[in-house]
Each structure stands twice: as C-alpha cells, then as structure tokens.
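The values are calculated or read from the model by the stated rules, or taken from the named source; none is laboratory data. Only a predicted model underlies this, so the values are computations on that prediction, with no experimental measurement involved. Cβ atoms come from the backbone with ideal geometry, glycine included; neighbour counts cover every protein chain shown. These accessible areas exclude ligands, DNA and RNA; they are computed on the full protein's heavy atoms, side chains included. Shrake-Rupley method; radii C 1.70, N 1.55, O 1.52, S 1.80 Å.
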Amino acid sequence: MNALGRHILVEFYDCSPELMNDVIHIENSMVAAAETAGATVINSTFHHFSPYGVSGVVVIQESHLAIHTWPEYGYAAVDLFTCGDSVDPWVSYTYLKEAFQSGHGSSMELRRGQLSLLKRNDFNLETLRDSSAKTIEADGSITRDVWFTERDENIALSLKHTGNQLYKKDSEYQRVEIYETLAYGNMLTLDGMVMCTQKDEYVYHEMITHVPMLSNRSAKRALVIGGGDGGTVRELLRHEQLEEVTLVEIDELVIEACKLHLPETAVAFENPRLNLLIEDGIKYIKECDDEHYDLIIVDSADPVGPGEGLFTAAFYQEVYRCLAKDGVMITQSESPRFNSAVFVEIYDTYKKIFGQDKVYCYLAAIPTYPTGTWSFSYSAKGDARPLQFDAEAAAAFSKKEGLKYYNEEVHAAAFALPNFVKELLNTKPEHVTDEYSAEPINQ
Ligand code: SAM
C-alpha cells in the first residue's frame, strides 16, 4: 500500500432512528464490524446522550472506528480508519450498513499518510518503545466503556455497564430494560429512568415498609400499588402478622424482567401469602371497599407515563377512603433536592386530604436515585404516628431478618429533617423557588 492508512468517511442515511439511539446496539455493532474485518479490538468507549444520540469509538490495533448519530435524522457519521493492509475497512462498512438498517450510504476513501510525501526519520525506534503500553488482555477480552445515562435538565447519573442488554421490551405503558452495571449489579429502568439496582434496592424497600409496619404492629391488611420489581412485598411478607398482602402492578413485563434478572427482589412473587393483580392501581382503588386496608403503599415510579395518575388528589382521596380508621398511607415522595416543586406540591396535597399534622416526611440515602437523597411520606388517617414505635421490637426485627439498612436508630433518624426540607414542607406550591432544587422550577 502506498499510504500508511485508509480512512473511509461514511454517511449512513435513512437508518432506523430507534437503532440510532440504541447505545448498546451501536457499540456491539461497531465492535463486531471491526472484528469481522479482521481487526484486533483494544477497547471501546460509547456514550448515550439525552434526549438522544450516541457517540463512541472503538480503538483497534490497526487504529479506530468512530461514530456519532442523529436519530432525529436517521443519520450516522462514521469514520473507519485502518492502518496497514491486514484489515479491509470496507468489510466494516458493509457490516454497519446492514446493522444500522441504512437505506443508503455514501462514502469517500482517503489514503492517509501518502508514503511519497513522508520522510522516515532514521533514529533509534527502541527509544520510542513504551514498555507500559497497554497490551491486549491475555484472554483477548477488551475493555468496553459503555455508559447508561439518566439525564434530567440540570443533572445526570451515568453508570458503566457491560454492554450486554439483559432485557429490553416495550409494553403498552413503557420501555422496560435491565442493564448489567459494573458498580451496582443488574439495574431495572423504565423509560430510561433508574427504578432499582441489585446493590442498593434494599434501602428503598426496607424504608418504605418497615417504618410503617414497626409503628403500626396491628396492621393485618396491606396493599401495594406499583412495586412490580417485588422488593416492597418481599419486605412486607417478613411481617408474619400480615394476613393479606395485595400487589397491584399495571405492567406484567416489569415482573417478568425482574423474575429473570432481579431474583433478589422478585423472590416474593412465589409467596403463597401474596395476592398479585396485574391491573391499573387507579382503577383498582376506585373499586376497592371502604376502610379495607390498614396500610397502603404507593410504590410508583415518577409522576410521568402510567404513574402520573398516582400523584393526583383524586387518587389520594380514594386511598384515604380505602384506609381503615387507623390506617396509614406511605408513598415514595420524590426528592426535595431533585425537584422541589414536585416535592412541595405532593405534600401540600397530602395535608389537604389527611390533615396538616397527620403528614410526615422521612429521608433515605439511595445512591442511584437523582441527587442520592430520596423521601417517603407517612400519612395517618387516625392516631398512628411514625415515631411512636417499639424501638426494642424494631431492633430485634432488624437483627432477626438480617436487614441491611433499616434499624431502630435509622427509623427515628429518618424523620430528623434538615432545615431546608422543613422549609419546603411549610412552603405553598405557588411560593416555591429553585433555591434548593437541582431541577429548574417552571413557574
Ligand atoms: N422504586 C421505584 C422508584 O421510586 O422509582 C419504583 C419502583 S416500581 C418499579 C414502580 C412500578 O409502578 C412500575 O413497575 C410501574 O409499572 C408501576 N406503575 C406505574 N403506574 C401504575 C399504575 N397506574 N398502576 C399500577 N402500577 C403502576
């Protein structure tokens, strides 16, 4: 070859926008395109941008393949650069055209480093040899840097994963995905939002269940709305005094995905004491009998998609009706730090329904949730109070069950709120500012 390298500039048009936004598919295809052309892959780094678009590079022994996509145009700009003549970059071109379902592609090949224009420097190359140069892993494995990013307007959380998509299906309500993250184990996401991970799910599930159960030892009937990962009912079913535990989950694909890839949370689905219903919680609560439940836990996702209706006054009014005289409602109530406006609005609604002095907020540290500071609400219909609990019984329960987060001190401490949260809880929705909020406040 009369040049050091071959550089093909590629324009792929009429690609599937879906695929152009699928970081896993793109990373896998780019790595496979290099290997199919006979290249030796060293590592790959790919990033999924929000709201859409992917950028990435595969470093090969023979140089690199790079890509940036515009899903909104069904377009990908690709660079195929190989040095030497052991690898034919056109093989990668053909592979990718098919992998991206590109309607048509245009390309231009440049010969890089025309030898006739280059003068070889005659110095001792050994001085250049970098003994620390990273060599290909002995087992041929390549370091793949593929990141999942949950990005909101002002903040984002990125988690590195293996690049293997364990589960991905679209239900009529949402996209259900399971990623194999390196730091937090398998992770369930719905519509690109983190729901739970194997490594920190216990925080959320222990706090949403044991705080109400240890402060209301006479509870016999519990209802969970949402909670399709199974973690909340797993924790509830530790309480033997519960005679009835009902889970109403709208999307059976969430349960399917968790049974396959989050067995620790899904273990409760086999429990004979569980009454599992695949149904819309909003419809279920409307048809439920008055004063039927001692505890109702709203384990919903964020106030978007199928879960939007679970954040309305009408829904909470129905929950109130279905609670026994001394019943308690627990909800995941978002984060005071993440979106103060949503937080303030939620609590204002609870207080209007349950009463100003019957609504409590407690906090927990959940690393994979936006800002890491998450909150739960405790609303009492009758005289139950979250801090009137038997600390010895709570300590014994935490020990007997081998809990990882909840204990009698955490129970009490969770209600010790920082001043900015107390301030937000006493703020009217129309007066909330973004002083404490990561997300902008849309007045
Ligand atoms: N811990 C998570 C969080 O805070 O983001 C939530 C966990 S759980 C996976 C949320 C569940 O609520 C999802 O499985 C979703 O399908 C379910 N869900 C959403 N809307 C629902 C509705 N209207 N009725 C019943 N379940 C619903």
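Name the one entry in T373, T368, T349 that is touching a residue at least 12 places away in the same chain (Cβ under 8 Å), open to solvent by 10 Å² or more (accessible area, probe 1.4 Å) and within 14 Å of the ligand (Cβ to nearest atom). If you could, list the steps in order and put the result at the bottom.
On the way: T368 fails: open to solvent by 10 Å² or more (accessible area, probe 1.4 Å); T349 fails: within 14 Å of the ligand (Cβ to nearest atom).
Exactly one of T373, T368, T349 is touching a residue at least 12 places away in the same chain (Cβ under 8 Å), open to solvent by 10 Å² or more (accessible area, probe 1.4 Å) and within 14 Å of the ligand (Cβ to nearest atom), namely T373.
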Among the listed residues K119, K97, identify the single one that is touching a strand residue (DSSP E or B) at 6+ places or on another chain (Cβ under 8 Å), outside any strand (DSSP E or B) and not hydroxyl-bearing (S, T, Y). K97
If I filter the range 221-237 for residues that are among the basic types (K, R) and either part of a strand (DSSP E or B) or within 11 Å of the ligand (Cβ to nearest atom) (or both), do I get at least one hit? yes
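Can you tell me how many residues in the range 68-94 are in a loop (DSSP other than H, G, I, E, B) and surrounded by fewer than 16 Cβ atoms within 10 Å (Cβ to Cβ)?
If we filter the range 68-94 for residues that are in a loop (DSSP other than H, G, I, E, B), which is where we start, we get 74, 84-88.
If we keep only those that are surrounded by fewer than 16 Cβ atoms within 10 Å (Cβ to Cβ) too, we end up with 84-86.
Qualifying residue count for the region: 3.
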The lone exception for V31 - which of (1) buried (at least 16 other Cβ atoms within 10 Å of the Cβ); (2) out of contact with any strand residue (DSSP E or B) (no Cβ under 6 Å at 6 or more places or on another chain) it fails: (2)
Name the residues in the range 359-377 that are closer than 16 Å to N426 by Cα and either touching a helix residue (DSSP H, G or I) at 6+ places or on another chain (Cβ under 8 Å) or among the acidic types (D, E) (or both), would you? V359, C361, Y362, S375, S377
Which one is nearest to M193 (Cα to Cα), of the residues in the range 106-134 that are over 34 Å from the mean Cα position of the chain (by Cα) and modelled with pLDDT under 70? A133
Where the second residue is of a type in the set (F, W, Y) and assigned to a helix (DSSP H, G or I) and the first is under 21 Å from E249 (Cα atoms) and lies in the range 212-229, which pairs have Cβ atoms under 8 Å and are six or more apart or on separate chains? I225/Y284
Pick from the range 147-206, criterion in contact with a strand residue (DSSP E or B) (Cβ under 8 Å, 6 or more places away or on another chain) and assigned to a loop (DSSP other than H, G, I, E, B), ranking: farthest from the ligand (Cβ to nearest atom): L182
